[in-house]
Amino acid sequence: MTTSANCPPRTAPARPSLLTRPLLLRFVSLVGASVSFFLLLSVVPAYAAGSGGGNAAGLATGSLMLATVLGELVTPRLVARHGYRPTLMAGLVLLGAPALVLTLSSDIAWVVAVCLLRGLGFALTIVAGGALTATLIPAERRGEGLALVGVVSGVPSLVALPLGLWLVTHAGYGTVAVTGGTAALAATVSVLGLPAADARKTGAPREDRPVGVLRGLRTGALLRPVLVFATTATAAGIMVTFLPLAVPKAHSGVVTLALFVQPAAATATRWLAGRHGDRHGSARLVVPGLLLSAAGVAVTATTGTPAAVVAGTALFGAGFGIAQNSTLALMYARVSPSSYGTVSALWNLAYDGGMGVGAAGFGVLAGATGYPWAFTMTAFLMSVALAPALRDLRPARLSRS
């Protein structure tokens with residue numbers, strides 16, 4: 001007769017470790033790139049404006065973001081040809097080295113040239129780096145891992161952005177430029193310790209070869225999450241750009257609180273969405289993320305009520321964090337590792353392009369309707385993205401439309 005003592009107890013399978021040595025090494029280059037970019041993000045326009053006025057400041061930021069978007073388009077091809085590590089190292093060098101020579105001249109042509117190079121470098125770091133990071137995270141814990149990566153990259157940006165302006169006042173432009181450049185260049189050493197995994201699949205079967213950006217945009221399984229996330233990113237660009245203008249000056253302190261609450265809520269829900277998605281699937285979170293984001297924008301429309309502004313930005317931040325994690329995890333799950341670069345490029349294009357379109361379009365809309373109605377209409381227009389979001393509740397593969 002067999003007794004329970006003779007049977008080994010059943011135990012749940014051990015979850016793979018998340019904080020591995022390669023991922024921790026990757027965090028070094030992630031922090032270095034984030035510090036370098038955000039430390040100079042507001043400093044360079046101020047430096048340019050010192051000699052060329054407001055137009056020069058706009059040219060500096062515009063050239064930086066233009067180069068970033070164009071770089072995101074070409075990086076998957078570079079990754080497929082050269083691999084993750086060389087592309088990431090090239091990005092860190094292009095992000096860091098031009099910053100070291102920024103203050104050699106204040107001529108706008110020189111500043112724009114520096115910004116173009118740094119924008120290209122930043123694109124290489126976020127696309128190639130993002131794809132490489134995805135290979136270092138166990139598939140079973142992808143959502144949680146991506147959330148952790150968001151925290152690691154987000155915290156330095158929150159600190160570096162105001163720190164850059166503070167350092168300019170106390171140490172000058174040259175010191176800030178050198179500090180920002182050194183942060184990126186020093187991080188290149190850590191890339192040498194990362195695994196040599198890359199996306200070059202010259203002899204791979206057809207279905208395992210990298211998916212290009214254009215093909216990705218023609219593939220419904222990737223395009224649908226991109227459209228949903230771009231919609232929430234559009235609202236994010238509106239919130240950070242126009243909330244300080246929409247809220248009456250008598251409640252200016254509320255804006256500071258609201259713009260702190262928004263990223264804090266996004267960070268928390270991004271983490272929770274990652275853990276939930278690993279256990280139950282990320283597709284189910286896309287619709288709640290979109291609805292919460294739209295609800296937050298709608299509540300914020302009551303710009304004259306401080307409590308509504310704070311509550312609205314908190315709701316939006318919560319939805320945005322869910323949308324960030326769920327769409328990115330969903331896209332990675334639908335491709336082979338050889339196409340991680342394309343996923344990273346598409347998602348970042350949705351982020352940057354959405355924020356830019358939102359800021360530009362909302363200004364025109366608000367000029368015609370006023371801020372409260374413009375926020376309300378934005379929330380209504382966001383509901384259009386429910387169509388692709390609901391479609392993704394059904395099973396989908398990369399090969400399907």
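Based on the Kirkwood radius over alpha-carbon pairs, what value in µm²/s does the Stokes-Einstein equation return for the translational diffusion coefficient of region 215-333 at 10 °C and 1.306 mPa s?
The diffusion coefficient I find is 110 µm²/s.
Rounded to the nearest Å, what's the spacing between the alpha carbon centres of region 342-369 and region 288-317? Just the number, please.
For region 342-369 versus region 288-317, the Cα centre distance is 18 Å.
Calculate the FRET efficiency for Ala196 and Arg77 from the Cβ-Cβ distance with a Förster distance of 22 Å, rounded to the nearest 0.05.
Computed FRET efficiency for Ala196 and Arg77 comes out at 0.70.
Multiply the residue gap between Arg391 and Ala268 by 0.36 nm, knock off their C-alpha separation, and tell me the result in nm, one decimal place.
41.6 nm
Need one value: the accessible area of Glu144 in square angstrom, 1.4 angstrom probe, rounded to the nearest 10.
Probe radius 1.4 Å; accessible area of Glu144 about 10 Å².
Along the Cα-to-C-beta direction of Phe380, a point sits 7 Å from the Cα; which residues of region 329-372 have their amide N less than 15 Å from that point?
Taking a point 7 Å out along Cα→Cβ of Phe380, the residues of region 329-372 whose backbone N falls under 15 Å are 365-366, 368-372.
Name the helices (complete DSSP H segments) of the chain with a Cα length along the long axis of 20 Å or more and a Kyte-Doolittle mean of at least -1.0, or state none.
Long hydrophobic helices here: 21-41, 43-82, 84-100, 108-136, 142-171, 173-191, 220-246, 252-280, 283-300, 306-333, 340-369.
Ordering Arg270, Arg26, Arg85, Arg77 by accessible area with a probe of 1.4 Å, largest first, what comes out? Don't skip to the answer; put the middle values down first.
Values: Arg270 35, Arg26 10, Arg85 70, Arg77 180 Å².
Ranked list, largest accessible area first: Arg77, Arg85, Arg270, Arg26.
Provide, as a two-decimal number, the C-alpha radius of gyration of region 73-196 over 2.2 N^0.38 Å, N being how many residues it has.
Details: Rg = 15.9 Å, N = 124, 2.2 N^0.38 = 13.7 Å.
After normalising by residue count via 2.2 N^0.38 Å, the value is 1.16.
At 1.4 Å probe radius, can you tell me the per residue accessible area of the chain in Å²?
Normalised by residue count, the accessible surface of the chain is 44 Å².
At 7 Å along Cα-to-Cβ for each site, give me the label-to-label distance between Asp107 and Thr302 in nm.
About 5.6 nm separates the two model spin labels.
Suppose accessible area is computed on protein heavy atoms with a 1.4 Å probe; arrange Leu148, Leu88 from highest to lowest.
Heavy-atom accessible area, descending, gives Leu148, Leu88.
Can you work out the FRET efficiency for the pair Val189 and Ala46, with r the C-beta to C-beta distance and R0 = 35 Å, to the nearest 0.05?
With a Förster radius of 35 Å, E is 0.70.
Excluding ligands and nucleic acids, what accessible area in Å² is computed for Ile108 using a 1.4 Å probe, to the nearest 10?
Ile108 has an accessible surface of roughly 60 Å² with all protein chains in place.
Along the charge dipole of the chain, which of Thr256, Thr179, Val69 sits closest to the positive end, that is, farthest toward it, with unit charges on the beta carbon of Lys, Arg, Asp and Glu (+1, +1, -1, -1)?
Selected residue: Val69.
At q = 0.10, 0.17 Å⁻¹, work out log10 I(q)/I(0) for region 296-401 with the Debye formula, treating every Cα as an identical point scatterer and leaving solvent out; two decimals please.
-0.38, -0.94
Give, rounded to the nearest 20 debye, the magnitude of the charge dipole that the chain has about its Cα centre when Lys and Arg contribute +1 at Cβ and Asp and Glu contribute -1 at Cβ.
1300
Express the carbon and sulfur contribution to the solvent-accessible surface of the chain as a percent, rounded to the nearest whole number, probe 1.4 angstrom.
Values: 12040 of 17610 Å².
Within the chain, the accessible surface is 68 percent carbon and sulfur.
Enter the mean projected area of the convex hull around the alpha-carbon atoms of the chain, in nm², rounded to one decimal.
24.1
The values are calculated or read from the model by the stated rules, or taken from the named source; none is laboratory data. Here the structure is a predicted model, which is why all the values come from computation and not from measurement. Every residue, glycine among them, receives a Cβ derived from its backbone with ideal geometry; neighbour counts consider all protein chains shown. Accessible surface areas use protein heavy atoms only, side chains included; no ligands, DNA or RNA. Shrake-Rupley method; radii C 1.70, N 1.55, O 1.52, S 1.80 Å.
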